[in-house]
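Everything on this sheet refers to the single structure shown next.
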Amino acid sequence: MILVAILMGTLVAGIGSVWLAAALSFGALARYTQHMLSLAAGALMATAFLHLLPEAFESQAAAKDLFLTLLLGLVFFFLLDKAELWHHGHEHHHHGDDHGAVHVHDHSHGHDHTPQAGSWAILTGDSVHCFGDGILIASAFMADMRLGAIASLAVLAHEVPHHMGDLMVLRSGASNKRMALVKVSLAGAVTALGGLAGYWLVDLLHDYLPYFLVVASSSFVYVALADLIPQLQKRLTLAETVAQITWLLVGIGMVTVLSGLAHGH
């Protein structure tokens, strides 16, 4: 049952995020990109601070060891970011008009690649990232089904901006919309492989589950504070600022409400 839930959660997070990114990039939802960034940041922070970390600290593990793991996790993801593996290197571009320009990640590795080489670099980096997300989701499901569902939702939310960048870069190459969507969807499906690996790994090292949860938390906190929040820190009108804060709170509230409903059942 847990394995089935892991597969469902990873597929929803991995492929569902690609389709939502396509809707935000190519469809009628494109105007809501900034709202999605705020919602994702709120969902990630709520998942880490209200669910994954409390679950880890309820274990018999020493608080000092868990805090050390959290610190090392943040440093680890920072180094992966520097190595252009975790976020496959971000070059921020402005997309949109002068009134609503949105920062979207260009996940290409430098400016000298041909579109074909760049697309393979993007897809390889995306696959590595998705595999790691699958392991994190599996860790949450192994601790509690409710946590797994929340973690899947949080991963889906934070993957959307990344996949939007991937789709836009692939579109600028030789790919059409449909081919770009197929390629990124295949990379997103690797999340399920990460889930399978995580199920085996966490089952084998069950005593270390609290540490897996803290590492997952460090990933979510790093993405929210180092990646998403900086994109929201720009001069806006009062109405735009209120909308930004509202969507941030919606992300936090959504995770909290879903957690309550899942816990109630």
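Taking a point 7 Å out from the Cα of Phe67 in the direction of its Cβ, the residues of the range 195-223 whose backbone N falls within less than 19 Å of it are 210-219, 221-222.
Near Arg146: Cβ cut-off under 15 Å, other residues only, Lys/Arg at +1 and Asp/Glu at -1. The net charge is -3. Of the accessible area of the range 121-211, computed with a 1.4 Å probe over protein heavy atoms only, carbon and sulfur atoms account for 67 percent. Find how many whole Å separate the alpha carbon centroid of the range 10-58 from the alpha carbon centroid of the range 190-265. Result: 7 Å between the Cα centres.
By the gyration tensor of its Cα atoms, with a ≥ b ≥ c the square roots of the eigenvalues, what is the shape of the range 171-226: rounded for a/c under 1.5, prolate for a/b over b/c, or oblate? Since a/c reaches 1.5 but b/c is at least a/b, the shape of the range 171-226 is classed as oblate.
Counting 0.36 nm for each residue step from Glu58 to Arg178 and taking away their Cα separation leaves a gain of 38.6 nm. Peptides 16-23, 44-51, 148-155, 242-249 ranked from most to least packed, by the mean per-residue count of other Cβ atoms within 10 Å: 148-155, 44-51, 16-23, 242-249.
When all protein chains stay in place and ligands, DNA and RNA are ignored, the 1.4 Å accessible-area order of Asp126, Asp203, largest first, is Asp203, Asp126. Cross-link reach is defined here as a Cα-Cα straight distance under 28 Å, omitting same-chain residues fewer than 8 places apart; for Lys183 the lysines meeting it are Lys82.
With R₀ fixed at 35 Å, the C-beta to C-beta distance from Val242 to Thr124 puts the FRET efficiency at about 0.30.
The values are calculated or read from the model by the stated rules, or taken from the named source; none is laboratory data. These figures come from a predicted structure and were not determined experimentally. With ideal geometry, Cβ positions are generated from the backbone for all residues, glycine too; neighbour counts draw on all protein chains shown. Heads up: the accessible areas ignore ligands, DNA and RNA and are worked out on the full protein's heavy atoms, side chains in. Shrake-Rupley method; radii C 1.70, N 1.55, O 1.52, S 1.80 Å.
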